[in-house]
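The values are calculated or read from the model by the stated rules, or taken from the named source; none is laboratory data. Keep in mind that this is a model prediction, so the values were computed, not measured. Please note: Cβ atoms are built from the backbone with ideal geometry, for glycine as well, and neighbour counts cover all protein chains shown.
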Amino acid sequence: MLTLNALLGLGTALAPVFVALFVGLGFWWGLPVTSAVLLAALLGVSLPLPLRAGASATSTAGGTGIPARFWVFAAFAVLYGICEIMNGNWAETYMSVHLGASATLASLALTAFWAMVTIGRVFFALVQRWFPTSRTYRVLPFVLAAMFVLLAALPHGASGLGVLAFGLAGLGCSALLPLTISFGQEQLTVISASIAGGAIAFYQVGYGIAAFEAPPSAD
């Protein structure tokens, strides 16, 4: 799960790079055309492959209700979505308005955030033998909370520290969502096949809450 989400994060981090590349080359439309061609090729390769889902525990379970513990994971997914998008959507605005950063540094802060989300997922997947995922799941929320406090405390002009803080915030976010899905599937075997979809749905609720809040304004 961590590896798959790392690949998702890699795509997110690379998207601005490819946008800048195609815009710099003078034909921005080349990016959606290239994406469409690659997607069509991927679908063409994937169509002959069998799609087999694992046996769902739901079919052998006595009831069809949603376990109460699911709502704990759902609430965590909402909070995670809020935290991720507060960084992902508002990093550039915060850097420019509150820290007085240039457009380049503001973009760098956003890139640092998404890059560290990806790097963190790969890192924690590689070290789980020595640093258990249960410990990662307990530690990362404190890392993320500490970065919010640090960002709020940074004075105007500390744009370099802002880039570093957003990078560390990305590390704090990195493994939380995939581990929420993994632990949910492990603990809620009755609805394990539905945990991923449910967690992503509530993550999107948090995404929407954070995306539509008022952007930060100058003091």
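Would segment 129-142 turn up any residue that is surrounded by 15 or more Cβ atoms within 10 Å (Cβ to Cβ), assigned to a helix (DSSP H, G or I) and among the hydrophobic types (A, V, I, L, M, F, W, C)? Yes; the residues of segment 129-142 include at least one that is surrounded by 15 or more Cβ atoms within 10 Å (Cβ to Cβ), assigned to a helix (DSSP H, G or I) and among the hydrophobic types (A, V, I, L, M, F, W, C). Does Ala199 fit the bill of being under 19 Å from Phe73 (Cβ atoms), at pLDDT below 90 and of a type in the set (A, V, I, L, M, F, W, C)? Criteria met by Ala199. For segment 164-195, taking the residues that are without any contact (Cβ under 8 Å) to a residue 60 or more places away in the chain and of a type in the set (A, V, I, L, M, F, W, C), the one that is nearest to Val127 (Cα to Cα) is identified as Leu171.
Checked against (1) surrounded by 17 or more Cβ atoms within 10 Å (Cβ to Cβ); (2) touching a Lys or Arg at 6+ places or on another chain (Cβ under 8 Å), Gly162 passes all but a single condition, namely (2). One residue stands out in segment 75-114 among those that are farther than 18 Å from Leu150 by Cβ, at pLDDT below 90 and hydrophobic (A, V, I, L, M, F, W, C): the one that is surrounded by the most Cβ atoms within 10 Å (Cβ to Cβ), namely Trp114. Here Leu99 clears all of (1) over 17 Å from the mean Cα position of the chain (by Cα); (2) assigned to a helix (DSSP H, G or I); (3) of a type outside the set (Ser, Thr, Tyr) except the condition numbered (2).
The condition (being surrounded by 10 or more Cβ atoms within 10 Å (Cβ to Cβ), within 28 Å of Ala112 (Cβ to Cβ) and modelled with pLDDT under 75) is satisfied by just one residue among Leu38, Leu25, Leu2, Leu31: Leu2. Counting residues in segment 179-200 that are outside any helix (DSSP H, G or I), out of contact with any strand residue (DSSP E or B) (no Cβ under 6 Å at 6 or more places or on another chain), more than 20 Å from Ala103 (Cα to Cα) and of a type outside the set (Gly, Ala, Ser) gives one or more. Residue check, Pro155 against (1) part of a helix (DSSP H, G or I); (2) surrounded by fewer than 19 Cβ atoms within 10 Å (Cβ to Cβ); (3) at pLDDT 90 or above, all met but one. Which one? If we test Pro155 against (1) part of a helix (DSSP H, G or I); (2) surrounded by fewer than 19 Cβ atoms within 10 Å (Cβ to Cβ); (3) at pLDDT 90 or above, just (1) comes out false.
Applying the set (1) free of Cβ contacts under 8 Å to residues at least 24 places away in the same chain; (2) touching a Phe, Trp or Tyr at 6+ places or on another chain (Cβ under 8 Å) to Pro132 leaves exactly one unmet item: (2).
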